[in-house]
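In what follows, a structure is listed as structure tokens, so that the remarks can point back to it.
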Amino acid sequence: MSETQPATSSSELPPEPSVTVEILDEFSEPDAKKRKISSAQSNSQLKTDKLEQRLGGIFCCAVCLDLPKAAVYQCSNGHLMCAGCFTHVLADARLRDEMATCPNCRVEISKASATRNLAVEHAVSELPSECQFCNKEYPRNTLERHEESLCEERISSCKFSRIGCPWRGPVHESVQHESECAHPNRSGLEVMDALQVIDQKSAIERKLFDSIFELLGYEKITFNGQCGVHLSNQLS
């Protein structure tokens, strides 16, 4: 009688190659999802590689690192500054009784030595910029007009704000609000109270502006040893 071969357990057999492939296929991402991910990555790469974004980094102000909104000035080495930062650099140097210098290369700058860069001004004005209300992109030279008078999402006040209505919202909702606003039906005494509050706020703002203009009118500001400030309207 021949010896019987011992039975081999099924758990000890190596897995078939086809079974392994099926398991891997089960946990792998479908082709449609792979294409979607690769497409999203390519779109993100295209967004970061847009010409206007690269130009925005080149044309930005050397001080505030923002794109200039008006005039663009440059030092003798070509570093750009917006009009506001250029004025601030000159004023700060004047207060310190020093010569103004370019924040990048430290070359001396003044109103006479600095020049405007018209090419950069025109290029920046054509770059697209996003509206703060509707988030759509428009050329920078038309964005201000769009935000002030054309955008349907721009914030507006109720036409009865002068008599105390505090409503503020998108301009396309103003007509409906004004038709339901209760302030036109208020009594004269309530309207007078609202006008008095508004006049008080206006008086405070006017006083602040007058103080600022008075300070700007002084020709020279000097500091003494006791940390005091001496203002003079006379040119030295």
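The values are calculated or read from the model by the stated rules, or taken from the named source; none is laboratory data. Remember, it's a predicted structure, so these values are computed and weren't measured experimentally. Here the Cβ positions follow ideal geometry from the backbone for every residue, glycine too, while neighbour counts run over all protein chains shown.
What number of residues in the range 44-57 are surrounded by fewer than 10 Cβ atoms within 10 Å (Cβ to Cβ) and either in a loop (DSSP other than H, G, I, E, B) or at pLDDT 55 or above (or both)? Can you show your working first?
If we filter the range 44-57 for residues that are surrounded by fewer than 10 Cβ atoms within 10 Å (Cβ to Cβ), which is where we start, we get 45-49, 51, 57.
Filter once more, so that each one left must be either in a loop (DSSP other than H, G, I, E, B) or at pLDDT 55 or above (or both): 49, 51, 57.
Going through the range 44-57 one residue at a time, the tally reaches 3.
Just checking, how many residues over the range 151-177 are in a helix (DSSP H, G or I) and either touching a residue at least 24 places away in the same chain (Cβ under 8 Å) or touching a helix residue (DSSP H, G or I) at 6+ places or on another chain (Cβ under 9 Å) (or both)? Steps first, answer last, please.
From the range 151-177, those in a helix (DSSP H, G or I) are 161-163, 171-177; that's our starting set.
Applying the additional criterion that residues be either touching a residue at least 24 places away in the same chain (Cβ under 8 Å) or touching a helix residue (DSSP H, G or I) at 6+ places or on another chain (Cβ under 9 Å) (or both) yields 161-163.
Counting residues in the range 151-177 that are in a helix (DSSP H, G or I) and either touching a residue at least 24 places away in the same chain (Cβ under 8 Å) or touching a helix residue (DSSP H, G or I) at 6+ places or on another chain (Cβ under 9 Å) (or both) gives 3.
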Checklist entry - Of the residues that sit in the range 216-228 and are out of contact with any His (no Cβ under 7 Å at 6 or more places or on another chain) and surrounded by 10 or more Cβ atoms within 10 Å (Cβ to Cβ), which one is modelled with the highest pLDDT? => result TYR218
Checklist entry - Scanning for something of a type in the set (S, T, N, Q), under 27 Å from the mean Cα position of the chain (by Cα) and assigned to a strand (DSSP E or B), does the range 73-94 turn up at least one residue? => result yes
Next on the checklist: Could you go through the range 144-157 and let me know if any residue there is in contact with a Ser or Thr (Cβ under 7 Å, 6 or more places away or on another chain) and under 30 Å from GLN196 (Cβ atoms).
Outcome noted: yes
